[in-house]
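Everything on this sheet refers to the single structure shown next.
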Amino acid sequence: MENRIPVIMDCDPGHDDAIGLLLANASEKIDVLAVTTCGGNQTVEKTTYNAQRVCTLLDMNVPIGKGAARPLTEVPMNAPSVHGKSGLDGPALPEPAYPISDLSAIELMAQTIRSADRPVTIVSTGPMTNTAGFLLAHPELKHKVAQVSMMGGGIGHGNWTPAAEFNILADPEAADMVFRSGVPILMAGLDVTEQALIYRQDIDRIRALGNHVASVVADWIEFFFEFHRQRGYAGAPLHDPVATAALIAPELFQMRELYVQIETQGEFCRGATVGDVNGSTGNAPNARCIMGLDRQGFVDLLCSAVQTYGR
């Protein structure tokens, strides 16, 4: 355990969030200390219930903290068109075996980070409301955050609007706060996550692993695949797991140090992650932006993780 990276998984499950939880739980390089939830892919009530069910499926007995129901300043936005009415439509999942913590997500983050014997990485795969709230409420603990490994944004483009990716657009003020905090950031934006494609043959490979978790994961990706196929994608882009995979196997990824700002005001570009690719501002980089990956290596990593549940 001494060599494992201690992490808090801050998420809004979500099919790809769920697979990110699986990758973290299966890895010998990751020590999951807690799971926190926020509204995003669905309401916080639904994402928290989903997190409980996923943790039960994976036998992942860690504290689960229910977090922000809404962004810092705006009305909530959800993505039922992508993830379904439940936020995790598809295969049946077990009812929760693990309760929700009495602590809010922010206070669970604080307690976990305060008591950890080394700096903790926050893996953020939803809107960054909880992480921003934690940094606001507990500035004295900022030095104990090793980094924020996050899925969100895109240097080249958006997906919810031409300029903005969903997780950032759902709470630009929170993202802005985190990017300006001075905490190291590892950014898995659309630049890389839309390369993390799972094709039909990869789904078949996962299903052929033959254990119950493999069947569920294959069904999750199948659901995701069908949504994206209708929008012209060649496969299912597994966005959120990249933020975890980059911690487990950084050799699979190509990264670029950039200064990144969050647009919070623009009429057409609100929520955009603006990367200073030409060094125009003269500011030092505040993020390691993942720009490419070894797709086959990523698929192999996922399959190895799923296979551990058959032991």
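Each stretch of four or more DSSP H residues adds -39500 (n - 2.57); spread over every residue of the chain, this sum gives -10500 deg cm²/dmol at 222 nm.
GNM on the chain, alpha-carbon springs under 10 angstrom: the most fluctuating residue among ASP117, ASP240, ASP89 is ASP117. Multiplying the residue separation of TYR199 and ALA69 by 0.36 nm and subtracting their alpha-carbon distance yields 43.4 nm. As a fraction of the 1.4 Å probe accessible area of the range 23-169, surface on carbon and sulfur atoms comes out at 54 percent.
Taking every DSSP bridge with both residues inside the chain, close to 30 percent are antiparallel. Listed by chain and number, the lysines whose alpha-carbon sits under 25 Å from that of LYS142, ignoring those within fewer than 8 places in the same chain, are LYS29, LYS66. Spacing of the modelled spin labels on SER280 and HIS212, each 7 Å from Cα toward Cβ, amounts to 5.4 nm. Solvent-accessible surface of the chain, averaged per residue with a 1.4 angstrom probe and all protein chains in place: 39 square angstrom. Please work out whether the range 155-292 counts as rounded, prolate or oblate from its C-alpha gyration tensor, where a ≥ b ≥ c are the square roots of the eigenvalues and a/c under 1.5 means rounded, while otherwise a/b larger than b/c means prolate and anything else oblate? Taking the square roots of the gyration eigenvalues as a ≥ b ≥ c, the range 155-292 is prolate. Modelled label positions at GLN230 and ASP294, each set 7 Å beyond Cα in the direction of Cβ, lie 3.6 nm from each other. Loop-located GluC sites (Glu not before Pro) in the range 1-64 (DSSP state other than H, G, I, E, B) with a sparse environment of at most 13 neighbouring Cβ atoms within 10 Å: GLU2, GLU28. Using the Karplus relation 6.51 cos²θ - 1.76 cosθ + 1.60 with θ = phi - 60°, the per-residue 3J(HN,Hα) values for the range 163-177 come to 9, 10, 8, 4, 4, 6, 4, 5, 7, x, 5, 5, 4, 4, 4 Hz, with x marking Gly and Pro.
For the chain, count the residues as N, evaluate 2.2 N^0.38 Å, and divide the Cα radius of gyration by that value, please.
0.91
Only protein atoms count toward the accessible area here, which uses a 1.4 Å probe; on the range 197-311, the carbon and sulfur part of that area reaches 48 percent.
The values are calculated or read from the model by the stated rules, or taken from the named source; none is laboratory data. Just so it is clear, the structure is predicted and the values come from calculations on it, not from any experiment. As a convention, Cβ positions derive from the backbone with ideal geometry for all residues, glycine included, and neighbour counts pool all protein chains shown. Please note that ligands, DNA and RNA were not included when accessible areas were found on the heavy atoms of the full protein model with its side chains. Shrake-Rupley method; radii C 1.70, N 1.55, O 1.52, S 1.80 Å.
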